[in-house]
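Let me begin by presenting the structure, written as structure tokens, before commenting on it.
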Amino acid sequence: MRVYVPLTLPRLADAYKTGELGTGPFVAYAVTPGLREWYLSDDIEELEYAALNRAALASLRLLAADPDAERRRVVVAADVPDGAAVADPDRALDPAALGEVRVSGTVRLARAAAVHADSGDAEEDVAAAAGALAAADAGDDDAQFVVDGAEDHELLWYATQEIPNLVGLGA
């Protein structure tokens, strides 16, 4: 099963150093029955893109909680065994939990298929979105507009071999 793990650049650097994306249980995003029902699509690429975007929002939440992290959203796409990622059926259609799964066990970085991250030119909008997130969650429409502005930036695709350069550990 393909899961999308929300991170920040410092957390990606830690994963690179330890060789582990996480030790379960931890939250990731995937194409779940609730996500399929919500998006009313049978196109797996569209559904995976929706799961990736849900993980990007979770990455933004991590950035809001870590003011020292570079203002770039990061999502790692990784393959885990079937059954290692489970959605909570009680929250399947909760808009806040769409696509959310709990991953059990340890996920090695070697299981990563790719890394998706903002380019440097998104940092200003991502910083503003991270700063506006709490107000948007409280129902402020202007703040939600700022948060949505981060989504205007497509996450770039990086091969796993590019991780050292992405996190500043390259030669």
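Here, each number is a calculation from the coordinates, and none is a lab measurement. What you see is a predicted model; the values in this text were computed from it and never measured. Cβ placement follows ideal geometry from the backbone for every residue including glycine, while neighbour counts extend to all protein chains displayed.
Give, in nm to one decimal, the length gained when the segment between ASP79 and ASP140 is fully stretched (0.36 nm per residue of separation minus the Cα-Cα distance). Walk me through the intermediate numbers first.
Values: separation 61, 0.36 × 61 = 21.96 nm, distance 3.67 nm.
Length gained, ASP79 through ASP140: 18.3 nm.
From the phi of every residue in region 21-26, what ³J(HN,Hα) in whole Hz does the Karplus formula 6.51 cos²θ - 1.76 cosθ + 1.60 yield, where θ is phi - 60° and glycine or proline is x?
Ordered by residue, 3J(HN,Hα) equals 6, x, 10, x, x, 9 Hz.
So if R0 is 41 Å, what FRET efficiency would ARG91 and GLN161 give, r being the distance between their Cβ atoms, rounded to the nearest 0.05? Display every interim value, and only then the final one.
On the way: r = 36 Å, r/R0 = 0.88.
Computed FRET efficiency for ARG91 and GLN161 comes out at 0.70.
Per DSSP helix of 4 or more residues, -39500 (n - 2.57); summed, then divided by the residues of the chain. What does that give at 222 nm, rounded to the nearest 500? Present the calculation step by step, with values, prior to reporting the outcome.
Numbers: 6 runs with 68 residues, N = 171.
Theoretical 222 nm ellipticity from helices: -12000 deg cm²/dmol.
Give the order of SER119, SER41 when sorted by the count of other beta carbons within 10 angstrom, beginning with the fewest.
Ordered from fewest to most neighbouring Cβ atoms within 10 Å, SER119, SER41 come out as SER119, SER41.
Pull out the extension gain between GLU151 and THR23, defined as 0.36 nm times the separation in residues minus the alpha carbon to alpha carbon distance; nm, one decimal.
Gain on extension, GLU151 to THR23, equals 43.2 nm.
Tell me, what ³J(HN,Hα) does each residue in region 2-16 have, in order and in whole Hz, if you take phi through Karplus 6.51 cos²θ - 1.76 cosθ + 1.60 with θ = phi - 60° and put x for Gly and Pro?
Result, ordered by residue: 8, 10, 10, 9, x, 9, 10, 4, x, 5, 5, 4, 4, 4, 5 Hz.
In the Gaussian network model of the chain, springs joining C-alpha atoms below 10 Å, which of ALA130, ALA113, ALA58 carries the largest mean-square fluctuation?
Residue with maximal mean-square fluctuation among ALA130, ALA113, ALA58: ALA113.
Starting from one equal scatterer on each C-alpha and no solvent at all, send me the Debye-based log10 I(q)/I(0) for region 131-171 at q = 0.14, 0.28 Å⁻¹, two decimals.
-0.52, -0.84
Could you run the Debye sum over the Cα atoms of the chain, one equal point scatterer each and no solvent, and tell me log10 of I(q)/I(0) at q = 0.09, 0.12, 0.13, 0.18 Å⁻¹, two decimals?
Each listed q corresponds, in turn, to -0.29, -0.52, -0.61, -1.18.
Find the centroid of the Cα atoms in region 5-77 and in region 89-135, then give the distance between the two in whole Å.
Taking the Cα centre of region 89-135 as reference, the centre of region 5-77 is 3 Å away.
At a threshold of 8 angstrom on Cα-Cα distance, excluding pairs fewer than six apart, so keeping six or more, what relative contact order does region 2-161 reach in percent? If you can, show how the numbers build up before the last one.
Details: 297 pairs, mean separation 45.7, N = 160.
Rounded, it is 29 percent for region 2-161.
If I model a spin label at ARG102 and ASP42 as a point 7 Å from the Cα along the Cα→Cβ vector, what separation in nanometres do I get?
Distance between label points: 3.3 nm.
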